[in-house]
Structures are given as structure tokens and as C-alpha cells.
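**Q** Quick one: the structure is below, and I'll ask about it shortly.
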């Protein structure tokens, strides 16, 4: 039997044979394994993923090399750095996380507190903002409060959650393009934003009286749009290419059916509601 180029003799697959943002984000699973069981192999995988933020001589890079200019990078690149720092105690990982957040904010943070999905368009895509919000929540969960960058990261998270709070609609949802009333209610962004808010409430970063009602409305909305057969209502398709216009974001296909992204984020939301970190 022929094996794939990245497959080892043992049948395992090296995720860094073809490095990607998604591969970095997936290493958060190894963090949980290492944290819960002390598995050294899992710890090494987390450290290897996060070490892409450093040069061969160990210096911090200007930014994470796989960011691609997308706001997704707040989720895909930053939390794994904080998690590597939490596992190893090496504060350079936190330094790099803070550096990359600042770099990405220079590119995609709008004056109104929402995030562009990419620098070439103003559209505040729903999942693009959800990636930023949830990514910062996951990062703060492992970031030491005595680090010089902690207060700034926490302020950024609070400001973003405040900006998003203004745009939850009467159905408990956030839209495919956050600030466009003509955009459709979008499933994955709603689950992710509400998860970030709930993490903020549970950690004391956000005021429960203000944000818990938003989370509760979002959960009811997700339940209403989740079929017993696993079909989901209105998960935005991927963006796929650079250079998209604002109208391109408005016209992302709304998927009616099973979807790994939407289902995964709904499970993440449910897990957070259950109080399981």
C-alpha cells in the first residue's frame, strides 16, 4: 500500500508537512491532552506549533508567518502561543502572542471596534469577528495577569465584545456581515461570539448582568436552528480567496444542512455552557 507523502511508517501524519493556520489551531487539542494527562508527546507538539513564531535563532518574528492577512489569525495563531506558554512557563510565547495581536489589529481593526476580515475590504464578516473574539478569549484564559500586555489584551477583548453586543438582533443572532441589516442571521458566528462572551462572564472579564441575557438569547437561537438530524440553518460558506469586495461577503452562501464548522462551534458553545474548560 502506498502511503501519502506526509505519512510515517507508523501510519501517523505530520501536520507540519504542509503547514497551515488550521494545523496550528488543531494543536489546541494536544494542549488539552497535555494539560489533563501530562502527556509529553502532546506537549512537544504544542511547543513545536507555537515555535513557528520564532526565528531559527530564537528571536520573536514580527508576526506569525501563516496569518495570511485574515482576522482568522486571532483564533488560528494566537491561542496556541498562550497555551505553549502555559505548558512550559516560557514567557516568550506570551510576548509573541501579544506582538501578533498588535500586528493583526494594525491590519484589520476598524475605528468602530469591529474587525475587517481582510485589509482590502471594510466588511465586518460575522465569522471573521467571531474568530477574533473567541481567539482573544482563549488567549486570555492562559495569559498571565502579571504580563505587561495582559491589561491591553483584556481591554481589546472587552471593547470588541461591547461593539458586538450592539448588533445582536431580535432573534438572538449575529449576522453574516455584523453591521448590515440586510445580511442573514449566521449560525457559526452566533455560536462563537456567544461562547466568547460566556467565557468572559465566567472568568470575570465581562459584566454578567449585561452579557448573560445576550448569551441566553443566542443559545435559544442556536437550539432553534439545530435539527435533530444534525442539519443546521444558515452557516456561511468559507470565503476562500483574497481580494473579496464588501458585496462578496454579503453574498456568501448560507448552508442549510450538516456543516463541520457550525456543528463544531455549537458543541464548543454547549461545552462552555456546561462549565467545562
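All of the numbers you see were taken from the coordinates with simple rules; none came from a lab. Everything quoted here is computed from the prediction, not taken from an experiment. Here the Cβ positions follow ideal geometry from the backbone for every residue, glycine too, while neighbour counts run over all protein chains shown.
**Q** What do you get for the angle between helix 208-224 and the principal long axis of the chain? Use alpha-carbon atoms, 0 to 90 degrees, nearest ten.
**A** On a 0 to 90 degree scale, this one is about 80.
**Q** Tilt of helix 78-88 relative to the longest C-alpha principal axis of the chain, in degrees (0 to 90, nearest 10)?
**A** 40
**Q** Would you look at the GNM of the chain, springs on alpha carbons closer than 10 Å, and say which of 103, 93, 131 moves the most?
**A** 103
**Q** Rounded to the nearest 500, what is the 222 nm mean residue ellipticity of the chain from helices alone, with -39500 (n - 2.57) per DSSP H run of 4+ residues and division by all residues? Display every interim value, and only then the final one.
**A** Details: 12 runs with 144 residues, N = 277.
It lands at -16000 deg cm²/dmol.
**Q** Among 79, 148, 111, which one shows the biggest mean-square fluctuation in a GNM of the chain, springs joining Cα atoms closer than 10 Å?
**A** Residue with maximal mean-square fluctuation among 79, 148, 111: 111.
**Q** Here is a further query. Expressed as an acute angle from 0 to 90° and rounded to the nearest 10, what is the orientation of the C-alpha long axis of helix 126-142 relative to the principal long axis of the chain?
**A** With rounding to tens, the tilt is 50 degrees.
**Q** Can you sort 51, 238, 188 from fewest to most other Cβ atoms within 10 Å of each residue's own Cβ?
**A** Working: 51 17, 238 9, 188 26.
Going from least to most buried by this count: 238, 51, 188.
**Q** For the pair residue 231 and residue 122, what calculated FRET efficiency results from E = 1/(1 + (r/R0)^6), where r is the Cβ-Cβ distance and R0 = 25 Å, to the nearest 0.05?
**A** On the way: r = 33 Å, r/R0 = 1.31.
Once rounded, the FRET efficiency stands at 0.15.
**Q** Right, something else. For 117, 251, 147, which order do you get if you count the other beta carbons within 10 Å of each Cβ and list the fewest first? Please list the in-between numbers first.
**A** Details: 117 25, 251 12, 147 17.
In increasing order of surrounding Cβ atoms, one gets 251, 147, 117.
**Q** Ranked by Cβ crowding within 10 angstrom, fewest neighbours first, how are 136, 223, 87, 66 ordered?
**A** Details: 136 28, 223 11, 87 20, 66 17.
By the 10 Å Cβ count, ascending: 223, 66, 87, 136.
**Q** What whole-number value in cubic angstrom gives the convex hull volume per residue for the C-alpha atoms of the stretch 121-162?
**A** Numbers: hull volume 3.0 nm³, N = 42.
That works out to 73 Å³ per residue.
**Q** While we're here: Quick one: if the Förster radius is 51 Å, what FRET efficiency do residue 13 and residue 170 give, using the C-beta to C-beta distance and rounding to 0.05? It would help to have the intermediate numbers written out before the result.
**A** Values: r = 46 Å, r/R0 = 0.89.
Efficiency, from the Cβ-Cβ distance: 0.65.
**Q** A follow-up question, please. Who wins for biggest fluctuation among 95, 247, 185 in a Gaussian network model of the chain, springs between alpha carbons below 10 Å?
**A** In this elastic network of the chain, the residue with the biggest mean-square fluctuation among 95, 247, 185 is 247.
**Q** Would you mind computing Rg(Cα) / (2.2 N^0.38 Å) for the chain, counting N as its residues? Before the final figure, lay out the partial values.
**A** Values: Rg = 18.4 Å, N = 277, 2.2 N^0.38 = 18.6 Å.
In units of the 2.2 N^0.38 Å rule of thumb, it is 0.99.
**Q** If you don't mind, there's one more thing I want to ask. Compute the Rg to Rh ratio over the stretch 124-277 from the alpha carbon atoms, using the Kirkwood formula for Rh, and round to two decimal places. Before the final figure, lay out the partial values.
**A** Values: Rg = 15.2 Å, Rh = 15.7 Å.
Rounded to two decimals, Rg/Rh equals 0.97.
**Q** At 0.36 nm per residue, minus the direct Cα-Cα distance, what do residue 107 and residue 254 gain on full extension? Give it in nm, one decimal, please.
**A** Details: separation 147, 0.36 × 147 = 52.92 nm, distance 2.73 nm.
Difference between extended and current length: 50.2 nm.
**Q** Each label point is 7 Å from the Cα along the Cα-to-Cβ direction; what then is the distance between the points at residue 245 and residue 181, in nm?
**A** Between residue 245 and residue 181, the label points sit 2.4 nm apart.
**Q** Let me ask another. How would you rank 208-221, 31-44, highest first, on the average number of other Cβ atoms within 10 Å across their residues? Kindly include the intermediate steps, with their values, before the conclusion.
**A** Working: 208-221: 17.0, 31-44: 14.5.
By packing density, highest mean first, the sequence is 208-221, 31-44.
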